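See below for the structure under consideration.
The values are calculated or read from the model by the stated rules, or taken from the named source; none is laboratory data. All values derive from a computational prediction rather than experimental measurement. Please note: Cβ atoms are built from the backbone with ideal geometry, for glycine as well, and neighbour counts cover all protein chains shown. We work out accessible area using only protein heavy atoms, side chains counted, and drop any ligands, DNA or RNA first. Shrake-Rupley method; radii C 1.70, N 1.55, O 1.52, S 1.80 Å.
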Amino acid sequence: MTKKKRTGAALALAAALLASSLAGAGPAAAGPATLGLDYHCTFPLLGPQPVHVELSADVPDRVAVGEVMPGIVVDSVSTVGAASARGLRALYATTLEGHALADATLTVPEMPDGLPVEVDSALDRTPIPASGGFTVKGRGTAPDLTFTLAGPGKVTVGNLVLTLTPRTDDGGASGLGTFESECTRDPGQASVLASFEIVDKDGGPGAAPYSYTLKGSSTIKASGGTIPLTGALDAKVDGGAVTGGLTLDPSKARFQMLGFLPVTADVTFAAEGGTTGTYKDGVLTTTSKVSARFPAFTVFGFLPVGGGDACRTSQPSGIRLTSAAGFDPKAGGALTGVYELAPIDGCGALTGVLGSSLAGPGNAITMTLTPKPSIQMPSAHTPSSPKKTS
């Protein structure tokens, strides 16, 4: 096969699979959307070669927070010229197929810096005519998406890797074999395939759910100790009323017993009922009831001094947290409060001493809420290692 024919065949396959790949990478756009992109794809022996692809999609331009946005269908059409078809036929290729792994970036309020996404697309086996050119159609369906924060969203198309195979009548690989080609988007182009708007359900910030990760700490006033806190808060604001659920991860409390012995306590938490509160005039207030268990207490980090399955607070602690003015549920922020820890029971012979170091009022707590996305995205698929032609 001549170098010119080999180039034409490679470009034909690249254009076809590039269109199919990018069709799978564009989940949402504002109304009818079109995008043309120029790439340079590196092929065996030939180096970078130019490729142009046109994409189109017809999608809704808005989606409500908390509602499922069905997977968007994106169509593509690539025209393969007669010279490229002749090049494929010269190697007895009668069909072409392959995979493409495309990079895209989803930018939404939950992920303002962008969420990288890899989408693997397969091209249906396409017949190659005996003469003349032909067209290759691609269609990809994005995954369902659900968003937690209102605001603008967009999908930006990036680079991709093609794995290409032209086949003969008997299903075997042609003289090109199967090869991998890296395609780099030419600079200076508009690369947003899709733009859309995420709106608050029923027109208000209170109608949508909010989901946060939390990180903070609590002081133990009785002994000057601390408890690091991590977990999650799921909340819904409806007409100013807050409902939701608080989850706290296991932690370790460190304090001094009898004023000088360093004690480490393993702590697990259990929320009793849901979280309630208010969001009014830019201030968020929540109330949760939490019980604590202490599986183990150790002195100097290794000497057991109590704990066990029955070691726990005698009743839940009511924890009231309040934000500063100007709290935005979409952005999260800091909450602070003071609570009383109930006496502990069932911790062994030193229950009284341990309890006096933990229980009591005036325990300060600070938590920072960070919004987390609830976006369903496809998992990356890595094609099998191709056989590269020489």
The residue that is nearest to Tyr92 (Cα to Cα), considering only those in region 123-162 that are at pLDDT 75 or above and β-branched (Val, Ile, Thr), is Ile128
Verdict on Ser251 being over 25 Å from the mean Cα position of the chain (by Cα), crowded, with 18+ Cβ neighbours inside 10 Å and without any contact (Cβ under 8 Å) to a residue 40 or more places away in the chain: yes
Find the residue count for region 288-327, including only residues that are out of contact with any Leu (no Cβ under 8 Å at 6 or more places or on another chain), polar (S, T, N, Q) and either part of a loop (DSSP other than H, G, I, E, B) or open to solvent by 20 Å² or more (accessible area, probe 1.4 Å) (or both). 3
How many residues does region 332-353 hold that are at positive phi and outside any strand (DSSP E or B)? 2
Gly224: at pLDDT below 85, on the phi > 0 side of the Ramachandran plot and not β-branched (Val, Ile, Thr), yes or no? no
Condition (residue is open to solvent by 20 Å² or more (accessible area, probe 1.4 Å), closer than 30 Å to Pro152 by Cβ and either touching a strand residue (DSSP E or B) at 6+ places or on another chain (Cβ under 8 Å) or modelled with pLDDT of 75 or more (or both)) applied to region 81-99: is it met by at least one residue? no
Close pairs (7 angstrom Cβ cut-off, 6 or more residues apart or separate chains): open to solvent by 10 Å² or more (accessible area, probe 1.4 Å) in region 146-168, aromatic (Phe, Trp, Tyr) and outside any strand (DSSP E or B) anywhere: Thr168/Tyr92
